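Laboratory data are not the source of any read-out in this text; all were calculated from the coordinates shown. Just so it is clear, the structure is predicted and the values come from calculations on it, not from any experiment. Here the Cβ is made from the backbone with ideal geometry for all residues, glycine too, and neighbour counts use every protein chain on show.
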Amino acid sequence: MASSDFVRDILTKWDLSQWIKNFEEEEIDEEGFLLLEEKEFINLIPKIGPRTKFAHKHKLLKEQNKHSNVDENFEVATTSTASINAAKSSSGNSIPSTSVDKLLSEKRKHEVANANMPRKKQKSRDASINLPPMFVSEQKAEVRKIMQRVRGKLDGMPSTKLTNFLRSKIDVLDEDRKEMVGVFGKTGAGKSSLINAILGKTKLLPSGNQGACTSVMIQVEANMINEKYIAEIEFITVQDWKDELWSILRVKSGEEEEDEDKEIDVEDGDDDDHDKIKALYGKEGHGKNVEELMDKKLFEIPEFYSSCKKKIFCDTAEELSKKIACYVLSDSNSDTFERMYWPLVKCLTVKVPNCKDLLEHVVLVDLPGNGDCNKSRDTMWKSFVGNCSVVWIVSDISRAISEKESWEILDSTVSLIGPGGECRSISFICTKTDDIEESAKDNARSIILTRNEITKKKVREKFNKQKDVKKHFSDADGFFKVFTVSSKKYNMEKQSELDEKAEEWLNALYDTEIPHLQEVLRNLNDHHTRTSDYISGVDGILSLIQAARNTTDSKEEVCKVLKQRLEHNLKSIVHYMEKPYNAFDQCLSKGVQQSEDSCDTLMSEVWKSCGGQYGIVRCLCENNGIYKPKGKKKKRKEINVNESLASCMRTCIDEEFTYFFPNDKCGPIRKKIEDFTLDTNSLVEKHKSVSLHLKFLNTEEKRLKTQLIRDLLDKKKQIYFTLPDSIKNSMHVSYTNASNNKGKGSLQRMKDELHLNIKKANIFRKAKQDMMDGLTRLKDHMVMQLRYKLEESIRMSLQTPNSLFLPDVTEDYNKIKDLMARSCVIPVTTILDPQANRV
């Protein structure tokens with residue numbers, strides 16, 4: 001079929017033939033059709049109704065194209081409507097709930113069948129990117145078995161420098177840093193239902209009328225071991241809970257002369273504190289002191305006192321959901337007291353079977369909107385947020401624009417996900433799109449689609465006004481996205497509501513963008529790249545073993561050339577790192593001066609935020625300059641003295657920091673790492689006898705650069721938070737001394753203590769030096785890792801005597817070559833044709 005015929009035929013099949021001319025004028029052929037992005041649809045199909053229909057079917061076509069040929073896609077794209085019409089014809093104008101459920105079930109079965117169907121052979125040499133994920137996983141499993149066998153052979157040999165080196169290289173092959181997706185949103189926004197729908201597990205995370213606890217962090221990842229649903233519950237320490245009880249029972253009075261050691265009835269405390277006592281102890285907690293509340297008889301969790309994780313194993317998602325409810329929900333529906341353990345939970349991890357396609361290398365994290373007053377939970381929360389490469393903010397579509405909490409979450413976490421994190425994408429997800437008035441059901445689909453379009457536009461407009469957020473990220477295409485979803489696509493709990501308008505409802509539900517979110521996870525999962533990298537690493541190791549057994553030629557000339565190239569590249573990195581160092585030095589000097597000139601103003605703003613309340617100032621001093629509101633005071637913003645004092649210096653470096661350490665594109669320092677190369681390929685033609693050694697060095701260089709880019713992300717986070725962390729350390733003694741003030745006049749004495757330390761301790765100059773030291777450590781780490789690791793690899797591969805005592809891996813080596821050929825993973829350094837080497 002000609003390319004133009006392809007586009008014409010498919011638009012005709014989709015009842016969109018009136019738009020064929022637009023596609024022809026834009027010269028869109030078969031390849032261009034499949035590469036079309038959603039933003040381009042509006043120019044091709046200007047009307048919303050047909051465009052939405054096209055977008056849905058185009059998405060299906062692209063998904064199915066990964067697993068089946070084009071003709072099969074036509075069938076999938078038209079199955080839903082045809083099946084519904086057939087069902088309607090055979091049963092009158094109404095479709096029973098069971099029929100609708102059957103149609104959905106059959107469609108999902110058809111999609112699964114196609115997903116496991118092998119593709120026809122492709123002529124393209126890079127066809128491996130279209131292999132089904134199941135095939136890729138099986139391929140990796142096969143290679144892993146080969147390496148386990150090789151590792152076993154090496155373990156049976158005497159330890160030498162070479163055998164120890166080879167063992168260490170095999171051991172790091174499986175190291176895998178998972179991508180983290182942070183899911184934020186107000187309680188009741190539909191986060192749990194959204195996650196359940198995306199995973200196709202309708203009753204996995206507890207949701208519904210029961211309020212989800214805002215303190216518990218929930219990780220959802222794949223169970224790669226067996227078919228069980230597993231929950232792992234990590235608790236705060238016993239000492240943490242004891243300290244929290246002391247804090248709950250102690251008066252936080254606004255009167256300066258109040259006795260801080262006085263205890264009160266828990267009923268008079270903050271809402272959060274009262275809820276914690278009520279959840280754990282019920283009426284038994286009334287009037288008890290800390291020691292009485294810590295009595296082991298009041299707990300039924302031995303893991304809490306033994307400081308180990310509690311594990312729950314279930315056969316079904318629904319069973320697991322019921323068993324974890326008491327650890328994540330704030331209360332029960334029962335009239336009788338049921339002990340709820342969420343105040344003790346630090347983090348809960350749910351492992352789900354049969355979801356490799358979405359979660360093998362990805363973790364979904366349901367996160368509270370801000371940190372927690374408990375220090376260990378707060379530390380973990382900040383770590384999770386900082387590690388999120390993708391952020392989803394979930395809001396009910398009816399409140400997406402007006403609800404402040406969703407936008408405050410974005411504003412309050414921007415430093416953690418931006419310069420202090422690694423976020424590359426932010427998505428605003430509007431839920432409950434099918435929630436419309438009963439009287440509007442007659443025109444449901446049109447109403448839903450129109451509201452979705454309007455909401456998306458308004459959300460984008462509001463995001464573009466978030467100056468504090470946008471300054472930390474580039475305007476890269478696709479960085480911010482808006483999705484509208486209905487979880488009912490996969491969980492039609494209200495099937496009894498479907499009447500004669502069932503077809504219209506069903507079509508409306510299929511417009512949900514949950515499949516788009518699933519595709520986001522699949523792209524993050526990236527089976528093909530990860531498997532390709534793994535197999536390439538295996539190929540390198542086996543090449544070195546083969547070379548060490550067989551090569552006898554001299555390797556000194558190659559070794560000399562590689563060492564010269566290594567030194568040249570390292571000097572280039574050292575020279576380049578002077579640029580960020582000098583830029584930061586200049587900006588920070590300016591920031592220090594501004595901070596010293598305005599520190600009184602900065603502290604005045606802090607005291608103003610405290611509202612003159614003794615309890616808040618005392619809390620600041622006791623917690624190293626940080627006050628986190630809770631209970632009835634949650635409407636207050638968090639107060640952080642260290643961040644306030646660092647604000648002038650932060651402002652001065654923000655632009656340079658975003659330039660040198662961007663999240664959403666390749667920055668200059670990362671590019672310097674990527675450009676580093678020993679160029680082993682160029683030596684193969686002249687030194688064919690050591691081609692296997694060079695192949696190993698090529699794969700080692702690639703693996704090392706990947707790790708250094710990972711290190712760069714981690715270290716840039718540390719560098720960004722150097723300023724407030726340094727100030728906190730400089731102020732630590734002052735905070736402690738200030739918190740010891742009691743009695744009348746103690747509020748002013750606490751303020752005076754902090755002001756005096758700021759003036760005397762040169763905290764701003766020290767903060768600058770600490771950040772500069774962080775940049776120096778980054779440079780030293782890059783240079784040291786490249787020099788040490790590559791010198792070791794060169795020495796082991798080219799300067800170690802050959803050993804016939806190494807295991808014979810010829811059969812394994814040939815299997816890997818065969819696998820690489822089948823999956824079109826082109827082995828490095830083995831293609832001697834210069835033209836072919838460009839592939």
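Of LYS351/LYS672; LYS276/LYS470; LYS201/LYS382, which ones are farther than 30 Å apart at the Cα?
Numbers: LYS351/LYS672 38 Å; LYS276/LYS470 37 Å; LYS201/LYS382 28 Å.
Exceeds cut-off: LYS351/LYS672; LYS276/LYS470.
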- Note on the structure: Ordered by fewest other Cβ atoms within 10 Å, a rough proxy for footprinting exposure, LEU194, LEU60 read LEU60, LEU194
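Output the pairs from LYS59/LYS145; LYS309/LYS375; LYS59/LYS817; LYS462/LYS766 with a Cα-Cα distance over 27 Å in this structure; if there are none, say none. Could the numbers behind the result be given before it?
Values: LYS59/LYS145 36 Å; LYS309/LYS375 19 Å; LYS59/LYS817 35 Å; LYS462/LYS766 39 Å.
With Cα atoms farther than 27 Å apart: LYS59/LYS145; LYS59/LYS817; LYS462/LYS766.
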- Note on the structure: Semi-axes in Å, largest first, for the stretch 553-801 (Cα gyration tensor, √(5λ)) are 52, 17, 15
